[in-house]
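S.K.: Okay, handing you the structure first.
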Amino acid sequence: PLIPEFVAENPVIQVRLQVTDRVVNILDEDVNIAIRKGVLPASGDIMRRLAPDLRVCCAASDYLKENGTPKTLEDLRNHNCLLLRFPGSKRYTWQFMADDETISNLNVSGNMDSNSSAVLIDWAVQGHGVIMKSVWDIADHLDSGALVPLLAERWPRDLGINALMPARPQQPAKTRAFIDYLVKRMRDHPVGAMAESYGL
């Protein structure tokens, strides 16, 4: 909803949205802004943080009543994990914080996978297994209690949602205006506050 709201406030600015899971070379492809999650590789691009983000491990209370609540990462290996399938996926790993606060990869498995995050979330709410998703994707379900957070002390630290812009002597005014708008709206958004509240 943020883009239509921005355009309504700035009708002279044209916005073209491209959605892709491909890493775009913003300079070569003449892209003004790229929005990306997580830790970004070093580059000559300019980065601005938009909002916090956390990967949340969770399941429905019905699933936990039937299968027990995992207390450790080892416990999680014995649970049915709902898995996001990527092309060529053979093994699935979720990232957690180890005791020394480094990132640890945990091999997980389950009897249902999909290339659709929305499908996985529906399955989790229906009680079919455990998922690990961005707090922005499941905030409503966490807030309502449909999904119960698990192993919160092991979630990776805030990975962030970031805007990348080509390095230029001066960014266009329309680009600066849009970024400023996103920062304010996402910072004030209830999900942004929720992400901060879970940030341990």
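S.K.: Taking region 61-107 only, how many residues are under 19 Å from the mean Cα position of the chain (by Cα) and touching a residue at least 24 places away in the same chain (Cβ under 8 Å)?
M.R.: 13
S.K.: Take Val183 and tell me if it is assigned to a helix (DSSP H, G or I) and touching a residue at least 60 places away in the same chain (Cβ under 8 Å). Outline the logic, then answer.
M.R.: On the way: assigned to a helix (DSSP H, G or I): yes; touching a residue at least 60 places away in the same chain (Cβ under 8 Å): yes.
Yes: the conditions hold for Val183.
S.K.: Those residues that are modelled with pLDDT of 80 or more, crowded, with 17+ Cβ neighbours inside 10 Å and in contact with an Asp or Glu (Cβ under 9 Å, 6 or more places away or on another chain), I need them from region 165-197; list them, please.
M.R.: Scanning region 165-197 gives Met165, Pro166.
S.K.: List the residue pairs whose Cβ atoms are under 8 Å apart, where the first residue sits in region 162-174 and is touching a residue at least 40 places away in the same chain (Cβ under 8 Å), the second is crowded, with 17+ Cβ neighbours inside 10 Å and hydroxyl-bearing (Ser, Thr, Tyr), and the two are 6 or more positions apart or on different chains.
M.R.: Matching pairs, first to second residue: Met165/Thr175.
S.K.: Is it the case that some residue within region 9-19 is loosely packed, with under 14 Cβ neighbours inside 10 Å, out of contact with any Phe, Trp or Tyr (no Cβ under 9 Å at 6 or more places or on another chain), β-branched (Val, Ile, Thr) and not assigned by TED's automatic domain parsing to the domain that holds Leu147?
M.R.: Yes, region 9-19 has at least one match.
S.K.: Still on this structure: Where residues in region 99-153 are over 14 Å from Leu54 (Cβ atoms) and of a type in the set (Val, Ile, Thr), which of them is surrounded by the fewest Cβ atoms within 10 Å (Cβ to Cβ)?
M.R.: In the first step, residues of region 99-153 are kept if they are over 14 Å from Leu54 (Cβ atoms); the result is 99-102, 104-130, 140-141, 143-146, 148.
If we keep only those that are of a type in the set (Val, Ile, Thr) as well, we get 102, 108, 119, 121, 125, 130, 148.
Values: Thr102: 7, Val108: 21, Val119: 14, Ile121: 21, Val125: 19, Val130: 26, Val148: 17.
Step by step, filter region 99-153, then rank; the result is Thr102.
S.K.: So, one more: Residues of region 44-61 being modelled with pLDDT of 95 or more and exposed (fewer than 14 other Cβ atoms within 10 Å of the Cβ), which ones?
M.R.: Ser61, the sole residue that qualifies.
S.K.: Go through region 3-31 and give me each residue that's at pLDDT below 90 and closer than 16 Å to Arg176 by Cβ.
M.R.: Ile26, Val31
The values are calculated or read from the model by the stated rules, or taken from the named source; none is laboratory data. Owing to the predicted nature of the structure, the values given are computational and were not obtained by experimental measurement. All Cβ positions, glycine included, derive from the backbone under ideal geometry; neighbour counts span all protein chains shown.
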